[in-house]
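The values are calculated or read from the model by the stated rules, or taken from the named source; none is laboratory data. Since this is a predicted model, take the numbers as computed values, not measurements. Positions of Cβ are generated from backbone atoms using ideal geometry, with glycine treated the same way; all protein chains shown enter the neighbour counts. For the accessible areas, the whole protein counts, side chains as well, though only heavy atoms, and no ligand, DNA or RNA atoms are used. Shrake-Rupley method; radii C 1.70, N 1.55, O 1.52, S 1.80 Å.
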Amino acid sequence: QLLYGTLMKIVNGEIKGLPAVYWKPNTFFRDDKSQKDCLRWLNALFIDLDEEGLSSLDVFDRVYGAGLPEPTLINETPHGWHIFWAIEQVRAWPEKIKRYEKVARAMVKALEGADPHAASAEKFMRLPRNVKHFSEARYTLEDFEDWQAINELDTPTEKARVYYITQCLNHDAIKELLKGVEEGMRDNACFTLALCFYKDGHAQVEAMAALKEWNLKNSPPLPYHVIPQKVRSAYSGKYHGPSGVHVYDLTGIPFNSRPITPAKPREERIRDHLWEVKEDILKYLKDHGGRVGGQSGFSQTFFAELLGVALSTFKTALKSLRKDGKVIAFIKGKGRAKKVVYALLDNVVSIVRERITEGIPWGRSGNGKLNHMLQELMVHSDIHSLGVVVGGLPPPQTVAMVLQEPVFRLE
């Protein structure tokens, strides 16, 4: 009878004369060969993250920061992490393998610390015996190709002159979309606008030219080749016009181009509107004295879970609030030692005003450089007209006192 400890030694190759045991996420025609020309099915995409000292929270931050969806399985290894995304089985024809490995290379490029040698369909991996996360999430290869297309940004080289006319494009909600949107909204906005051009009777070439110009207003722009894809789909004849529900999700403005289903209450919906999440963030900060964070492990993922919202929506909402000058993010350190504080800008401005009035030095780090706190304050307030820095270079603790947290020096 084989003991568990002995089994683990066999798996790890610690028994003399016996090789270590590995497994293959993708399956082959033959068990004795792991060559690409023997592949039969593609079952999962995977990443070998060769970086020690990362926590599972760091891994999730890195994955979601790259715009990738929730992993199906995350396994901690002695020297890093293995991350898997299960996909619907794809027959491993040469063309499919080429598409698969193109996506795998893009994922390696997007995830800092990922091993490029693992971006191969025939790669075998260490047995997952230290699983830190498992879910029922399943995807398709096309899902990741869409992710790749969205994240490979190209710069458009042509600008077209267009005139927006007729009823659909003159609606207030559509005018709001035409001003440009942020990351996380671009795909849906592009398709919605293409449907508007279709509904209003514009030629496909006119829609293409207009959306290329509109794309320059986005932050950041969509990849150049995505625009023709969206336009071709909108003009395929499968659709009659833009969805009022989608337009409302994107803008918060009711859209009655055609009869729409009344918006569901928030508690009955799977997704939150962006404006709702922004209000959640501001309310939470106000209810907690104007600032939260500071302790180890407090990350964007943790904050999003506190609010009970999707991480991608939370990041978009927070970015918008910072851009609008309502919230400031204070960051100190890197990796596991990283500490973050989120604060209402008005609260910080109030504290800084008091310090300027009292003649207390503030605003620069010990090396004399402007810290990011001062930079954001000068952009979004009138602090720059109130003396900016008084009394020369301050000792570090005076800058930290702005947050009333000794551990933060905000250098």
(message) Among the residues in segment 129-150, are any more than 30 Å from M8 (Cα to Cα), assigned to a loop (DSSP other than H, G, I, E, B), at pLDDT 80 or above and of a type in the set (S, T, Y)?
(response) yes
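Going by the conditions given, is L54 aliphatic (A, V, I, L, M) and surrounded by fewer than 19 Cβ atoms within 10 Å (Cβ to Cβ)?
Details: aliphatic (A, V, I, L, M): yes; surrounded by fewer than 19 Cβ atoms within 10 Å (Cβ to Cβ): yes.
It is true that L54 is aliphatic (A, V, I, L, M) and surrounded by fewer than 19 Cβ atoms within 10 Å (Cβ to Cβ).
Taking N43, is it over 21 Å from S312 (Cα atoms), over 21 Å from the mean Cα position of the chain (by Cα) and open to solvent by less than 20 Å² (accessible area, probe 1.4 Å)? Let's see the steps before the verdict.
Details: over 21 Å from S312 (Cα atoms): yes; over 21 Å from the mean Cα position of the chain (by Cα): yes; open to solvent by less than 20 Å² (accessible area, probe 1.4 Å): no.
When the stated conditions are applied, N43 does not pass them.
For R232, are the conditions met, namely being basic (K, R), modelled with pLDDT under 90 and farther than 15 Å from L193 by Cα?
Values: basic (K, R): yes; modelled with pLDDT under 90: yes; farther than 15 Å from L193 by Cα: no.
The answer is no for R232.
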(message) Which numbered condition in (1) on the phi > 0 side of the Ramachandran plot; (2) surrounded by fewer than 15 Cβ atoms within 10 Å (Cβ to Cβ) is the only one that H79 fails?
(response) (1)
(message) For segment 215-224, check the following and say yes or no: at least one residue is more than 24 Å from D172 (Cβ to Cβ) and at pLDDT below 80.
(response) yes
(message) I want to confirm something. Restricting to segment 82-98 and keeping residues that are in contact (Cβ under 8 Å) with a residue 24 or more places away in the chain and open to solvent by 60 Å² or more (accessible area, probe 1.4 Å), which single residue is farthest from the chain's Cα centre (by Cα)?
(response) R91
(message) So A119 ticks every box in (1) open to solvent by 40 Å² or more (accessible area, probe 1.4 Å); (2) closer than 21 Å to K36 by Cα; (3) at pLDDT below 90; (4) not charged (D, E, K, R) but one. Which box is left unticked?
(response) (1)
(request) Those residues that are under 15 Å from L49 (Cα atoms) and more than 26 Å from the chain's Cα centre (by Cα), I need them from segment 128-149; list them, please. (result) P128, N130
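Per-residue answers, yes or no, for (1) surrounded by 14 or more Cβ atoms within 10 Å (Cβ to Cβ); (2) at pLDDT 90 or above:
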{"position": "E14", "(1), (2)": "no, no"}
{"position": "Q35", "(1), (2)": "no, no"}
{"position": "P69", "(1), (2)": "yes, no"}
{"position": "Y100", "(1), (2)": "yes, yes"}
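Applying the selection to segment 285-295, what residues are surrounded by fewer than 18 Cβ atoms within 10 Å (Cβ to Cβ) and either within 12 Å of F330 (Cα to Cα) or not basic (K, R) (or both)?
Applying the first criterion (surrounded by fewer than 18 Cβ atoms within 10 Å (Cβ to Cβ)) to segment 285-295 yields 286-290, 294-295.
Correct list: D287, H288, G289, G290, G294, Q295.
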(message) Yes or no: segment 296-317 includes at least one residue that is open to solvent by less than 60 Å² (accessible area, probe 1.4 Å), touching a helix residue (DSSP H, G or I) at 6+ places or on another chain (Cβ under 8 Å), at pLDDT 70 or above and farther than 18 Å from F60 by Cα.
(response) yes
